[in-house]
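The values are calculated or read from the model by the stated rules, or taken from the named source; none is laboratory data. Since the structure is predicted, the reported quantities are computational estimates derived from the model, not experimental observations. All Cβ positions, even for glycine, are placed from backbone atoms using ideal geometry, and neighbour counts span all protein chains on display. Side chains included, ligands, DNA and RNA excluded: accessible areas come from the protein's heavy atoms. Shrake-Rupley method; radii C 1.70, N 1.55, O 1.52, S 1.80 Å.
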Amino acid sequence: MDFADTPGEAEFRAEAAAFLERHAEPLTGANAVIRGRVPDEELLRRAREWQALKAEAGFAAITWAPEHGGRGGTPMEQVIYAQEEARFAVPRGVYEIGLGMCVPTVITHGTPDQHARHVAPAVRGEEIWCQLFSEPAAGSDVAGLRTRAVKDGEDWVINGQKIWTSGAHYADWGLLLARTDPHAAKHAGLTMFVIPMRAPGVEVRRIKQVAGTSNFNEVFFTDLRVPDSARVGAVGAGWKVGLTTLMNERLTVGGSVGTDFDEVFAFVRDLDTEDGPAIRNPAVRERLAEWYVRSRGLKYTRFRTITRLSRGQTPGPESSIGKLVTAGKMQEIASFALDLQGAAGVVTDRAVAPMGALFQETLLSAPGLRIAGGTDEIMRNIIAERVLGLPGDVRVDRDRPFSEIPAGKR
Amino acid sequence: MNFEFADELLAVRDGARSFLAKNAPTAAVRRVLDGEAPYDAATWRAIGELGWLGAAIPEELGGSGLGHEGLCVLAEEIGAAVAAIPFTSACMAAEAILLAGDAEQQRALLPGLATGETIFCLALAEGPGNPHPRAVKAEVRGGRLTGTKWPVADGGIADRAVVVAGDADGGIGLFLVELAGPGVTRTALESLDPTRNQARLDFAGAPALPLPAARGWAAVEAVLERSAVPIAFEQIGGARACLDMARDFAMERHAFGRPIASFQAIKHKLVDIYVANELARSNCYYAAWALGADAPDLSTAAAAARVSATEAFHLASKENIQVHGGMGFTWAADCHLYYRRAKLLSLMLGGAPWWKDRLVTRLELTNADQGA
């Protein structure tokens, strides 16, 4: 075992670091806010500029083939670039959905014309994408979606509603999964489309989240008309096309970070209690140890995944546990850190709340992480079925025409 | 980044897995459980001949020179087989002798340890309580040991003991005692895990030779930390075996017209075990590297591996019984072998709360160093 780069990896890392040092500021407490906050006009402008710079330097689509504007690099190089970029205050959260999920789906399943139209502008940051899968009645059960696309001559006419759509309010394009045949079985009646988000017939409404911010949207379609050339993959093949997107989503979300051991460790060392610093309390120490081994267990699990990538292998099943463990741990840490603050734990004013209200904000954002990109329960099902090889659920709706499947009231 | 064991160690692991499946089935463990033998002598002899016990011992001292990473991959397989052999004690004694023995003692003792011809035990505890220097009442005066140690894992079958005792200077040291010699009385103790021997050792002026190269409580802690790493691999091996058993049973057992593995209550339970096992495995990998490389953060890495492996084996062993239902609670099913072993391994180096506290203490020290 060793933790060193191969010579080729070291060379790439040096190139990436040189690019970042030339064009970006190192991350500090003061400029960290640029990452992860809900994008506003200013952040979108800076994100566009940064994306264009990355594209110019060949870091915007590292693993994509050169004919798609990529570098033809390895997944390991993607990991190395992400590790290096994490040290810098660069805008994030705007292009991940497009370049991580939507456009790879178009590349895999789309036509040469679609490639020519969409890939290059996305890589250069000129166009932003959103993903239009989830619906009010189709969350974990995405294939139960009801948005209809009806063929009318050479066009498709789309009516329905999507929800939980990150970035829909500033996106240029959306990857939309719609039902084209309600009389086919649930998974067989779906088709994928690329739709223009600023066309008449598309209405975006912001959703205010638990934390008070609004990055999600509802998107309504009223007689939206798109040509058949907007279809991605065959009619009725939408589920298979969509699985490409969802697998990418889980990899993308699984790598996210947030409030973790280091933050709560710093907090309990500084927090004064009747018996001295809170870290002297055995109950606190026990929890710290548990979070430490989960946090470092995940870190070293990522090392195992990176090792496989470095050897040119695909990530092993262990890489699927990241989001499940991270989300629950964040919620526990936040709740416990607030318990130690007593009545003041309710105060969210950043000027007075400990650590700039980090734990208060985490308490309110953590429930979303346990749901987005596959709920804890769906993640467990996926690990059970794909990793442990356990049987799938008994599906009472699988072979019935979608139109005959009972719908609930919520 | 190469965070995986070397190919030759993976081959060693695979060889060990098939060897134990063939030669150390749970039927052999059950002969010890049922009191027909004090330990599985055939397996012990065989793995001694194969060089497993000497994996971390240098070749010039009779070891096989595989290194600590090699010892760890073998420990995982021994844990998975829930083998009824004094392996854990051999790991602890080897660390003690490598750390505190002088060159002559190492030459005299380690070859026998490596072949398994000499069975060693480590005598630390003196009744209930986690390891603590003030709990050490046994003492050596003029080369004679007086005091009582219990429980001593494998104390009833060992030839030699490494004993933690006070010395004439009022400090603490490690001493070597011949258990067949004068002044030693051994009493068997019944225990949670009858597949591993437990004894009370009474010393009344037994001849005791100091291991002089490392002294004080720090030496005892170093032995515990360094042993904790291969033992954590034994624990994740056991946890892996429990998950495999639970999965196989759930796939075959039908209820309500379906395999019970198709119910989310069972699926999610098995996933929680899988997640705990993977987290523990990753912590163990890092600790194996830290032990092999003598890394500065070995103490932290060993404690983290110990804490997560203990939690994983506990969870896997108890939920394995739960998945098996009533059958899992019978003497005939193998589930209880792992449930017993999980608790034994979690206790014999000090319980989980003690290791969690040590882990946080190490983190406080490391963080203070970084701040300074």
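Only one of these is of a type in the set (A, V, I, L, M, F, W, C), crowded, with 19+ Cβ neighbours inside 10 Å, more than 16 Å from the chain's Cα centre (by Cα) and not in a loop (DSSP other than H, G, I, E, B): A:90, A:103, A:119. Name it.
A:119
Please indicate, with yes or no, whether at least one residue in the range A:14-33 is within 30 Å of residue B:285 (Cα to Cα), touching a helix residue (DSSP H, G or I) at 6+ places or on another chain (Cβ under 8 Å) and modelled with pLDDT of 95 or more.
For the range A:14-33, residues within 30 Å of residue B:285 (Cα to Cα), touching a helix residue (DSSP H, G or I) at 6+ places or on another chain (Cβ under 8 Å) and modelled with pLDDT of 95 or more: present.
Quick check on this structure: which one of B:89, B:18, B:64 is in contact with a Cys (Cβ under 7 Å, 6 or more places away or on another chain) and over 21 Å from residue B:333 (Cα atoms)?
After ruling out the rest, the residue left standing is B:89.
Name the residue that is farthest from residue B:278 (Cα to Cα), counting only residues in the range A:301-347 that are in a loop (DSSP other than H, G, I, E, B) and modelled with pLDDT of 95 or more.
The selected residue is A:347.
Here are B:193, B:202: which of them is under 24 Å from the mean Cα position of the chain (by Cα), among the acidic types (Asp, Glu) and open to solvent by 20 Å² or more (accessible area, probe 1.4 Å)?
After applying the criteria, what remains is B:202.
So which of A:283, A:289 is under 23 Å from residue B:283 (Cβ atoms), assigned to a helix (DSSP H, G or I), facing chain B (nearest Cβ under 8 Å) and over 25 Å from the mean Cα position of the chain (by Cα)?
A:289
Report whether or not residue A:371 is open to solvent by 80 Å² or more (accessible area, probe 1.4 Å) and within 26 Å of the chain's Cα centre (by Cα).
Here the answer is yes, as residue A:371 does meet what is asked.
Against the definition (over 19 Å from the mean Cα position of the chain (by Cα) and either within 14 Å of another protein chain (Cβ to nearest Cβ) or crowded, with 24+ Cβ neighbours inside 10 Å (or both)), how does residue B:253 come out, yes or no?
So residue B:253 passes the test.
On the given criteria, is residue B:268 within 13 Å of chain A (Cβ to nearest Cβ), surrounded by fewer than 24 Cβ atoms within 10 Å (Cβ to Cβ), at pLDDT 95 or above and part of a helix (DSSP H, G or I)?
Yes, satisfied.
State which residue pairs qualify: first residue assigned by TED's automatic domain parsing to the domain that holds residue A:20 and inside the range A:71-86, second residue outside any helix (DSSP H, G or I) and surrounded by 20 or more Cβ atoms within 10 Å (Cβ to Cβ) in any location, beta carbons under 7 Å apart, and separation of 6 or more residues or different chains.
Partner pairs satisfying both residue conditions: A:71/A:61; A:71/A:62; A:73/A:62; A:77/A:62; A:78/A:62; A:81/A:59; A:81/A:62.
Looking at (1) in contact with a helix residue (DSSP H, G or I) (Cβ under 7 Å, 6 or more places away or on another chain); (2) open to solvent by 50 Å² or more (accessible area, probe 1.4 Å); (3) part of a loop (DSSP other than H, G, I, E, B), find the lone condition where residue B:17 falls short.
Answer for residue B:17: the failing condition is (3).
Kindly indicate whether residue A:209 is at pLDDT 95 or above and either in contact with a Pro (Cβ under 6 Å, 6 or more places away or on another chain) or open to solvent by 30 Å² or more (accessible area, probe 1.4 Å) (or both).
No.
Out of the residues in the range B:156-176 that are among the acidic types (Asp, Glu) and open to solvent by 30 Å² or more (accessible area, probe 1.4 Å), which is nearest to the chain's Cα centre (by Cα)?
Top of the filtered list is B:159.
Criterion first (part of a helix (DSSP H, G or I) and assigned by TED's automatic domain parsing to the domain that holds residue A:352) does residue A:188 satisfy it?
no
Give the residue that is surrounded by the most Cβ atoms within 10 Å (Cβ to Cβ), with candidates limited to residues of the range B:256-265 that are on the phi < 0 side of the Ramachandran plot and either within 10 Å of chain A (Cβ to nearest Cβ) or touching a residue at least 40 places away in the same chain (Cβ under 8 Å) (or both).
Result: B:261.
Residue A:304 passes all but one of (1) facing another protein chain (nearest Cβ under 8 Å); (2) open to solvent by less than 10 Å² (accessible area, probe 1.4 Å); which number fails?
(2)
Select from the range B:79-118 the residues that are outside any helix (DSSP H, G or I), in contact with a strand residue (DSSP E or B) (Cβ under 7 Å, 6 or more places away or on another chain) and open to solvent by 10 Å² or more (accessible area, probe 1.4 Å) and list them in ascending order.
Matches in the range B:79-118: B:118 only.
Picking from A:354, A:315, which residue would you name as being away from chain B (no Cβ under 11 Å), open to solvent by 30 Å² or more (accessible area, probe 1.4 Å) and over 22 Å from residue A:388 (Cα atoms)?
That would be A:354, the only listed residue that is away from chain B (no Cβ under 11 Å), open to solvent by 30 Å² or more (accessible area, probe 1.4 Å) and over 22 Å from residue A:388 (Cα atoms).
Go through the range B:205-222 residue by residue and tally those that are out of contact with any Gly (no Cβ under 7 Å at 6 or more places or on another chain) and open to solvent by 30 Å² or more (accessible area, probe 1.4 Å).
Final tally of qualifying residues: 5.
Residues in the range A:335-342: is at least one out of contact with any Cys (no Cβ under 6 Å at 6 or more places or on another chain) and either at the interface with chain B (Cβ under 8 Å from one of its Cβ atoms) or of a type in the set (Ser, Thr, Tyr) (or both)?
yes
Looking only at the range B:35-77, count every residue that is part of a helix (DSSP H, G or I), in contact with a Ser or Thr (Cβ under 9 Å, 6 or more places away or on another chain) and open to solvent by less than 10 Å² (accessible area, probe 1.4 Å) and tell me the total.
3
State all residues of the range B:127-155 that are out of contact with any Asp or Glu (no Cβ under 8 Å at 6 or more places or on another chain), under 26 Å from residue B:353 (Cβ atoms) and surrounded by fewer than 18 Cβ atoms within 10 Å (Cβ to Cβ); if no residue qualifies, say none.
B:127, B:128, B:129, B:130, B:132, B:133, B:134 - these are the residues of the range B:127-155 that are out of contact with any Asp or Glu (no Cβ under 8 Å at 6 or more places or on another chain), under 26 Å from residue B:353 (Cβ atoms) and surrounded by fewer than 18 Cβ atoms within 10 Å (Cβ to Cβ).
Could you please give the count of residues in the range A:258-277 that are away from chain B (no Cβ under 12 Å), part of a helix (DSSP H, G or I) and open to solvent by less than 40 Å² (accessible area, probe 1.4 Å)?
1
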